[in-house]
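The values are calculated or read from the model by the stated rules, or taken from the named source; none is laboratory data. These numbers were taken from a predicted model, which means no experiment stands behind them. No Cβ is skipped: glycine too gets one built from the backbone with ideal geometry, and neighbour counts run over all protein chains shown. For accessibility, only protein heavy atoms count, side chains too; no ligands or nucleic acids. Shrake-Rupley method; radii C 1.70, N 1.55, O 1.52, S 1.80 Å.
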Amino acid sequence: MASKSTIDPSTPPLRPAFDPNATHPESDHLRAVIAKLALTPHVEGGYFVETDRDSLRIPNPFTQATQASEDTRSACTSIHYLLTPKSPLGAFHRNKGRTVHTLHRGRGRYILIHADEVASTDCPGGYGGAEDMAESQRWTGKARVETFIVGQDVLKGERVQWIVEGGKYKCSYLLPDEAGGEGSDGLFISETVVPGFEYEDHDFMRQERMKALVSREQAEEMGWMVRKE
């Protein structure tokens, strides 16, 4: 593999810092945190618990105006989310809603594929269109790829809050608590989705979509971040 990342040439290639297929148990401390917060395994990887679902209902902005008026969403929802050395990867996925992330503890790397920026007019925002529409018809070109580190060292550019707009694919993976280190006590964050999260507004990246959205070299570098079916 090349000595520089095809995503960000200022960094080495993006590789897992912890084994995504790890079979060893969680540490005693992390097991206690998971139990205390009632976290459960997340389909994307890691652990989560929904902490708030706003009782205010608003019209679903993702449906056509001609559809039933009773189609609504919660105004917002919030979760706690935790990546650990045993479950260190949040696989590539996207939501239709806007997601505000807030860091509580730990370090991790995020990768965003801005698919919404290259969606064709026949597939607004990268959504809709016939299910059998070829990937080459969904996108007008290759998507911009962005990566950054979340952590407490803001003087080195690490982020403590970040926002991902709807339609963008995101992936996250755990990094050691200290740059150049080996151990981690987990990446613990909160996420607030606006309007509130529903699984029907969510989808996972697929390998064929990855190949359509980014260069061959980038797809090879990020292939391990795609959820295995």
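Quick notes on this one:
- Charge-dipole axis of region 16-107 as Lys and Arg at +1 and Asp and Glu at -1 on Cβ define it, positive-most pick from C76, T99, F62: T99
- Along the axis of the charge dipole computed for region 1-151 (Cβ charges of +1 for Lys and Arg, -1 for Asp and Glu, origin at the Cα centre), the listed residues P20, P85, G125 are led at the positive end by P85.
- Alpha-carbon Debye profile of region 4-89, log10 I(q)/I(0) at 0.21, 0.25 Å⁻¹: -0.95, -1.15
- Remark: region 13-90 carries a charge dipole of roughly 140 debye about the Cα centre, counting +1 on each Lys and Arg Cβ and -1 on each Asp and Glu Cβ.
- Were the residues from V100 through E135 laid out at 0.36 nm apart, the gain over their Cα-Cα distance would be 9.7 nm.
- Sorted on the mean count of surrounding Cβ atoms within 10 Å across their residues, most packed first, peptides 143-152, 8-17 read 143-152, 8-17.
- Over the chain, Cα pairs under 8 Å with separation of 6+ residues give a relative contact order of 27 percent.
- Accessible surface for the chain, divided over its residues, is 51 Å² per residue with a 1.4 Å probe.
- For region 1-105, GluC sites (Glu not before Pro) meeting the loop criterion (DSSP other than H, G, I, E, B) and having at most 16 other Cβ atoms within 10 Å: E70.
- Tail weight of P(r) past 22 Å, computed on alpha-carbon pairs of the chain, percent: 54 percent
- Taking amide H atoms as placed 1.01 Å from N in the peptide plane, the amide H of G166 lies under 5 Å from those of R98, T99, each 5 or more residues away in sequence or on another chain.
- Kirkwood-type radius of region 94-217, with distances r between different C-alpha atoms, in Å: 15.8 Å
- The spacing between region 127-173 and region 1-16, judged by their C-alpha centroids, is 17 Å.
- Solvent-accessible ranking of D177, D201, largest area first, probe 1.4 Å: D177, D201
- Mean sequence separation of contacting Cα pairs (under 8 Å, at least six apart), scaled by the length of region 102-213, corresponds to a relative contact order of 38 percent.
- Region 147-229: C-alpha gyration tensor shape, a/c 1.5 cut-off, then a/b vs b/c: oblate
- Scanning residues 5 or more positions from W139 or on other chains, those with amide H under 5 Å from its amide H are S120, with H placed 1.01 Å from N in the peptide plane.
- What the phi angles of region 40-47 give under the Karplus curve with 6.51, -1.76 and 1.60, with θ = phi - 60°, is a coupling list of 10, x, 9, 4, 7, x, x, 10 Hz, glycine and proline written as x.
- Full extension of the chain segment joining R31 with R159 gains 43.4 nm, where the gain is 0.36 nm per residue of separation less the Cα-Cα distance.
- Between A179 and T51, the FRET efficiency estimated from the beta carbon spacing at R0 = 35 angstrom works out to 0.70.
- If R0 is 30 Å, the Cβ-Cβ spacing of T11 and R206 corresponds to a FRET efficiency of close to 0.70.
- Cβ-defined net charge surrounding E44, 10 Å radius [Lys, Arg +1; Asp, Glu -1]: +2
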